[in-house]
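Data block below; observations after.
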Amino acid sequence: MTTHSLPQPPQPMALYGPGFAADPQGRYRALREHGPLAPVRIAPGVEAMLVTDYQAAVDVLRDTHTFSKDPRAWQATIPADSPVLPVLGHRPTALFSDGAEHARYRDAINDTLALIEPHLLRAEVARVAQQLIGAFAATGSGDLVAQYARLLPLHVFVTWFGVDPADGERIVDGIGGMMNPAGGAAAAYADLVDVVTRLVADRRARPRRDLTSYFLAHPAQLDNDETVRQITLLMSAGHDPTSNLIGNAILHMLTDERYAGSLHRGAMTAHEAINEVLWQDPPVANLAAHYPRHDTEFHGVRLRAGQLVLVSFGAANTQSGALGSETGVRSGGSAHLAWSAGPHRCPAKQPALLIAMTAIEQLTSQLCDAKPAVPVSELLWRPGPFHRGLVHLPVRFTPIDTTASAAPDRVPAGQPDVPIGS
């Protein structure tokens with residue numbers, strides 16, 4: 001770590017609104033001029049220090065001695081109706097805890113996710129992908145975000161956790177709404193919690209073969225509220241990023257010249273496209289909230305105890321890619337920080353990758369000549385400081401005659417089979 005003082009910008013830079021959504025990398029470049037950390041504003045009246053340097057980001061993510069994940073001291077300084085609290089406010093989950101409490105929650109999450117059988121998950125994703133594509137394949141046009149990327153992970157979560165399919169739209173609306181700093185975030189999160197609370201109460205009384213029941217039966221002995229909070233954490237931290245990853249990777253394949261402007265002519269694979277997106281345009285752009293346990297100097301920047309420090313995965317990844325090979329920072333495809341690092345790294349990396357890979361492979365095998373229906377410059381990105389995802393991705397392609405059953409705009413009715421091991 002360096003010890004010299006670094007200049008700071010006179011005013012925190014806003015990381016929300018259409019300007020930031022349209023050009024986040026431009027904002028990151030400007031922030032880097034002020035050092036490895038710089039002050040930003042993530043909502044009106046809510047400031048944070050943003051880590052834009054790769055090595056500083058790694059240090060924050062791994063340093064449990066200097067930094068805590070418990071936001072309650074910082075939260076006490078923020079208005080109770082702040083739109084960022086549904087994402088950053090304290091809850092009894094692995095994301096907001098340290099030490100033994102974190103280990104208890106994390107064990108329950110890891111052990112439960114380990115029950116997912118990869119080959120069954122792949123088959124389930126492929127089946128749903130074919131059904132979703134079949135709903136619009138004959139029209140010659142579609143929205144690969146609204147009609148595909150946003151719906152496919154939703155079905156997986158409904159399946160995993162045994163959610164009533166009729167509540168599927170409430171789940172995706174709750175997850176998407178809680179990430180929106182413009183308003184309505186608290187109500188969206190409350191509705192998500194309501195759906196999962198009723199689910200947990202039902203499974204406590206009548207266990208079934210789904211992840212909700214396995215959470216309740218885990219040796220960690222989570223109570224109902226703890227179970228609700230771990231499930232809502234997994235849903236919010238899994239659905240939105242996975243949807244964004246699918247959409248961003250498809251856009252990359254449609255627009256990068258190495259893919260020849262279509263989904264089948266280029267030499268690169270879906271795996272390579274996903275990896276490049278995780279480096280260049282990660283679906284979680286700025287998050288990993290940390291709070292100094294005491295006043296400290298970190299990479300030459302003074303931080304106050306309890307101050308909000310966010311890691312910019314988008315900035316750190318692209319900064320590391322610009323470094324020369326002599327630094328040894330970008331040593332391979334697994335060195336990016338899109339899955340975070342340290343004790344709070346993403347526990348669902350492998351299932352998320354499998355979902356995204358399978359979703360894109362199914363799409364490229366069927367809509368092989370799909371092309372953007374509007375200029376890339378006209379595509380809109382979802383506003384907000386935390387995520388990086390498209391609002392829509394309209395495409396045109398040669399219509400396909402298919403006898404596959406068309407999926408409606410929600411998960412099909414009926415209790416689905418659960419793709420987990422016994």
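Nothing in this text is a laboratory measurement; each read-out follows from the coordinates by a stated rule. Keep in mind it's a predicted model, so treat the numbers as computed, not measured. Cβ: placed from backbone, ideal geometry, glycine included. Neighbour counts: every protein chain shown.
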Surrounding net charge for residue 139, when Lys and Arg each add one and Asp and Glu each subtract one, Cβ distance under 13 Å: -1
Ranked packing of 117-123, 374-380, 149-155, most packed first, by mean Cβ within 10 Å: 149-155, 117-123, 374-380
Amide H proximity to residue 222 below 5 Å, modelled H, separation 5+ or other chain, gives none
Two-decimal Rg/Rh of segment 12-99 from alpha-carbon positions, Kirkwood Rh? 0.98
Additional length obtainable on full extension of the chain from residue 90 to residue 391, 0.36 nm per residue less Cα span: 105.5 nm
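Assign one of three labels to segment 13-396, namely rounded, prolate or oblate, based on the Cα gyration tensor with a ≥ b ≥ c the square roots of its eigenvalues; rounded applies when a/c is under 1.5, prolate when it is not and a/b is larger than b/c, and oblate otherwise.
Because a/c hits 1.5 or more and a/b fails to exceed b/c, segment 13-396 counts as oblate.
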Taking the highest mean first, how do the peptides 197-205, 169-177 order by number of other beta carbon atoms within 10 angstrom per residue? 169-177, 197-205
Going by how many other beta carbons lie within 10 Å of each one, how would you line up 371, 69, fewest first? 371, 69
In a shell of Cβ-Cβ distance under 12 Å around residue 398, excluding residue 398 itself, what net charge do Lys and Arg (+1) and Asp and Glu (-1) give? 0
So, over other residues within a Cβ distance under 13 Å of residue 247, counting Lys, Arg +1 and Asp, Glu -1, the net charge is 0
Which value in nm describes the separation of the simple spin-label points at residue 73 and residue 11, placed 7 Å from the Cα toward the beta carbon? 3.0
Which length gain, in nm to one decimal place, applies between residue 350 and residue 22 when the Cα-Cα distance is subtracted from 0.36 nm times their residue separation? 115.1 nm
Which distance in nm do the two modelled labels at residue 224 and residue 255 give, with both placed 7 Å along the Cα-to-Cβ direction? 4.7
What whole-number distance in Å separates the alpha-carbon centres of segment 129-208 and segment 92-115? 23
With θ set to phi - 60° and the Karplus curve 6.51 cos²θ - 1.76 cosθ + 1.60, what are the ³J(HN,Hα) couplings of segment 137-143 in order, to the nearest whole Hz, using x for Gly and Pro? 4, 6, 8, x, 8, x, 10
Label segment 130-185 by shape, choosing from rounded, prolate and oblate, from the square roots a ≥ b ≥ c of the eigenvalues of the Cα gyration tensor; if a/c is under 1.5 it is rounded, and otherwise prolate applies when a/b is larger than b/c, oblate when it is not. oblate
Sort 218-231, 48-61 by the packing proxy (mean of other Cβ within 10 Å over each peptide's residues), most packed first. 48-61, 218-231
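Quickly estimate the mean residue ellipticity at 222 nm for the chain, helices only: each DSSP H run with n ≥ 4 gives -39500 (n - 2.57), and the total goes over all residues, rounded to 500.
Calculated at 222 nm, the ellipticity per residue is -13500 deg cm²/dmol.
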Over the Cα atoms of segment 83-241, Rg to Rh with Kirkwood Rh, two decimal places? 0.99
Remind me, relative contact order of the chain in percent, using alpha carbon pairs under 8 angstrom and six or more residues apart? 28
Contour excess over end-to-end distance, with Cα ends at residue 217 and residue 378 and 0.36 nm allotted per residue: 53.1 nm
